[in-house]
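I have placed the structure first, in the form of structure tokens, so that the comments after it can refer back to it.
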Amino acid sequence: MAFTSKSIFINLPVKDVNKSTHFFKGLGFEFNPQFSDETTSCMIISDNIYVMIMIEERFKGFTRKEIVDTTTSAEAIFCLSAESRDQVDEIVNKALSSGGKSYSDPQDHGFMYGWGFQDLDGHIWEVAYMDESAMNPE
């Protein structure tokens, strides 16, 4: 029997939950207050994908490993799909104007367009649009 997951929860350590929540709200994300408190904020990516933004002390309760120093290391790259090239630019520009930092220059591969930023805690986020019709020309 194959494993199938109903939901994905990404746990992400941050220094300040309120600042991070405000940052991502500015990018257009919604949050579920039912799974949020003073130490954690539940960001909704889709109907079954969530990012649990939690202060570092809370995050440490889930692992014995050290939290990655995002100024020198990367623990993951989170890639979000966009509906258009314009939406890619809109999200990244909002991130940069809200205190995020540039991670990469826009990359245009014809069928795929992407651009990346770092959030307030240095986590790497990429936003990508894929034109499926350009991938399979007939």
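Tabulated data for the structure shown
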item	result
Which listed residue, of 19, 60, 65, 6, is under 16 Å from the mean Cα position of the chain (by Cα) and among the basic types (Lys, Arg)	19
Yes/no for residue 94 being farther than 19 Å from residue 133 by Cβ and either among the hydrophobic types (A, V, I, L, M, F, W, C) or touching a residue at least 60 places away in the same chain (Cβ under 8 Å) (or both)	yes
Members of the stretch 14-39 that are surrounded by fewer than 19 Cβ atoms within 10 Å (Cβ to Cβ), closer than 26 Å to residue 69 by Cβ and touching a Lys or Arg at 6+ places or on another chain (Cβ under 8 Å)	26, 39
Residue in the stretch 70-82 that is more than 17 Å from residue 117 (Cα to Cα) and aliphatic (A, V, I, L, M) present	no
Residues satisfying the stated conditions in the stretch 75-98, i.e. in a loop (DSSP other than H, G, I, E, B), surrounded by 13 or more Cβ atoms within 10 Å (Cβ to Cβ) and of a type in the set (Gly, Ala, Ser)	82, 98
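Rule-based calculations on the coordinates, nothing more; no lab input. Just so you know, these numbers come straight off a predicted model, no measurement behind them. Methodologically, a virtual Cβ is constructed for each residue, glycine included, from the backbone with ideal geometry; neighbour enumeration extends over all protein chains shown.
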